[in-house]
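The values are calculated or read from the model by the stated rules, or taken from the named source; none is laboratory data. Model, not experiment: these values are computed from the prediction. All Cβ positions, even for glycine, are placed from backbone atoms using ideal geometry, and neighbour counts span all protein chains on display.
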Amino acid sequence: MRARVLLNVALAVGLMASSLFLVRTAYETRRLFNALERAQMEARHLEVDQQRLEADRLAQATPLRVEQVARQKLQMRTANPAVTHWLHDPDRAAPVTGAGR
């Protein structure tokens, strides 16, 4: 009779431990699932931001935009013969001819 009581107590303790482990596992699963959903949402936000920034970069890098910024912010102007300065190097004034002629 005493062995039966000890067996019942041992089974009850095992059942309680198993129940607590099950509750802890379910809680951990919900916590990890919520963290996964938050990470996926953050990834979607980052992807949208990356696409927006890529579109902005492409819009800023058009040749017309680059020329406009160069003219307005850098006060650059288009090169033409009137504003071109030619430098002459006296050491390189005479072209070198081949010895085989």
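Total residues in segment 59-87 satisfying the condition of being surrounded by fewer than 10 Cβ atoms within 10 Å (Cβ to Cβ) and assigned to a helix (DSSP H, G or I): the figure is 4.
Exactly one residue out of 53, 22 is in a helix (DSSP H, G or I), hydrophobic (A, V, I, L, M, F, W, C), modelled with pLDDT of 95 or more and more than 19 Å from the chain's Cα centre (by Cα), and it is 22.
Residues that are surrounded by 10 or more Cβ atoms within 10 Å (Cβ to Cβ), out of contact with any Gly (no Cβ under 9 Å at 6 or more places or on another chain), within 30 Å of residue 65 (Cβ to Cβ) and acidic (Asp, Glu): does segment 16-39 have at least one? Looking through segment 16-39, none of the residues is surrounded by 10 or more Cβ atoms within 10 Å (Cβ to Cβ), out of contact with any Gly (no Cβ under 9 Å at 6 or more places or on another chain), within 30 Å of residue 65 (Cβ to Cβ) and acidic (Asp, Glu).
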